[in-house]
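J.: My questions will all concern the structure given below.
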Amino acid sequence: MKVAIVTGSAGLIGSESVRFFSDKMDLVIGIDNDQRAYFFGKDASTERSKDELEESIQNYIHHAIDIRNYEALKVVFKQYASDIQLIIHTAAQPSHDWAAKEPLTDFTINANGTLNLLELTRLHAPKAVFIFTSTNKVYGDTPNYLPLIEQDKRWEISEEHAYYEHGIDESMSIDNSKHSLFGASKVAADVLAQEYGKYFGMNVAVFRGGCLTGPNHSGTQLHGFLSYLMKCAVTGNHYTVFGYKGKQVRDNIHSYDLVNMFYHFYMNPRQGEVYNAGGGRHSNCSMTEAIEICEQITGNKMNFSYAEDNRIGDHIWYISDVSKFKSHYPDWNYKYDLNDILEQIFSQQIKLK
């Protein structure tokens, strides 16, 4: 029997992973205790997503386990030990703003929780593939010191710079920068995952995500930029743009495209690899550009205001270079671009309205 374990299974990337791998595995075990509702309130709860997975995926079993609870996790790993083929670890505290409110909660979930899962994999399923969803925040604010040029609607990097054509690659240093406490806890988990791959020879990949998005995202003000922006465009709720003249740039990758990257790695794994994973030059926008697209799709004028103070450690310009992954897995490519993503989010918001 082939078993996959997905943490954060009711969240954006977790639920996409469950759906994607449900027809490739005999059993998918979901681990998710809806911490998102605790972080961001009931509107961000993943309970509805969990219910949909249980109703629609026949070979899905859900466990409401906190990943900080080593003993509870151990029961699951021991039960399926010889059959576990894949662990996709997406559970996290995902907001750098929220992390500053409860640093101990943030670190124990992001770092200690990841260590629990890596160690249980080593002890009970050492040949399984372990995929960790890290973040571009491990680079801290180093991208803000690149030679950036202000344009009409966005910041852009100088055409003379090596990062201009494809974006930021994995060679960027993670040292001597301001990460936010969230970024620091993810750095700890990121390096742990690499080490288990390299030191113990385990099949571990670290995917440093840009803006991960899609129609199943429970976006909130503190996390889920495109989803929350479209929600405000549909409902007329107020949206606040924080700093950088609203010209800050993010690349956006559809949850399906990211999980398809996981699949390609699973089929031909390596030990302790790190990949930047975002929309790249294929799918990116500034805040100003995103607002304009949301207005075009909805036909509504957005209710937003501008706050001069940017979020601490926030990026001015970040576009992921996915060339390394493409060189290792040349059959992978994007399925969705920015307009596809926003159209899908809009359709989902209309259903929920």
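J.: How are the Cα pair distances of the stretch 284-335 distributed, in percent, across 10 Å bins from 0?
T.: With 10 Å bins starting at 0, P(r) equals 17, 31, 29, 19, 4.
J.: Counting only residues 5 or more places away or on other chains, whose amide H sits under 5 Å from the amide H of TYR163 once H atoms are built in the peptide plane?
T.: Result for TYR163 returns nothing.
J.: Tell me, what are the semi-axes, in whole angstrom and largest first, of the equivalent ellipsoid of the chain as set by the roots of 5 times the Cα gyration tensor eigenvalues?
T.: 31, 23, 19
J.: Please list 3J(HN,Hα) in residue order for the stretch 157-164, calculated via the Karplus relation 6.51 cos²θ - 1.76 cosθ + 1.60 where θ = phi - 60°; whole Hz, with x for glycine and proline.
T.: Rounded to whole hertz, the list is 7, 4, 5, 7, 7, 4, 7, 4.
J.: Mind giving me the FRET efficiency for ASN333 and GLU71? R0 is 41 Å, r the Cβ-Cβ distance, nearest 0.05 is fine.
T.: The pair ASN333/GLU71 has a calculated efficiency of 0.45.
J.: Contact order normalised by length for the chain, with contacts defined as Cα pairs under 8 Å and 6 or more residues apart; what percent is it?
T.: Reported as a whole number, the value is 19 percent.
J.: List every residue whose amide H lies under 5 Å from the amide H of TRP317, counting only residues 5 or more places away in sequence or on a different chain, with H placed 1.01 Å from N in the peptide plane.
T.: It is VAL249, by chain and number.
J.: Checking the table LYS153/LYS324; LYS153/LYS178; LYS324/LYS351; LYS74/LYS335; LYS101/LYS326 against a 32 Å threshold on Cα-Cα, which pairs fail?
T.: The answer is LYS324/LYS351; LYS74/LYS335; LYS101/LYS326.
J.: Just for the chain, what percent of DSSP beta bridges are antiparallel, to the closest 5?
T.: Percent antiparallel among DSSP bridges in the chain is about 15.
J.: log₁₀ I(q)/I(0) of the stretch 210-353 at q = 0.10, 0.13, 0.20 Å⁻¹, via Debye over equal Cα point scatterers, no solvent, to two decimals?
T.: Result of the Debye calculation: -0.36, -0.59, -1.19.
J.: Once you place label points 7 Å from the Cα toward the Cβ at ILE149 and ASP23, how far apart are they in nm?
T.: Output for this residue pair reads 4.6 nm.
J.: Using 0.36 nm per residue, how much length does the chain from GLU165 to GLU295 gain when fully extended, once their Cα-Cα distance is taken away?
T.: Additional length available on full extension: 43.9 nm.
J.: For the chain, what are the DSSP H helices with axial Cα length of 27 Å or more and mean Kyte-Doolittle hydropathy of at least -0.5?
T.: The qualifying helices are 180-199.
J.: Here is a further query. If the stretch 94-243 were replaced by its equivalent ellipsoid, with semi-axes equal to the square roots of 5 times the Cα gyration tensor eigenvalues, what would those be, largest first, whole Å?
T.: 30, 22, 15
Read-outs: derived from the displayed coordinates by stated rules, not from any lab. Not measured: the values here are computed from a predicted model. As a convention, Cβ positions derive from the backbone with ideal geometry for all residues, glycine included, and neighbour counts pool all protein chains shown.
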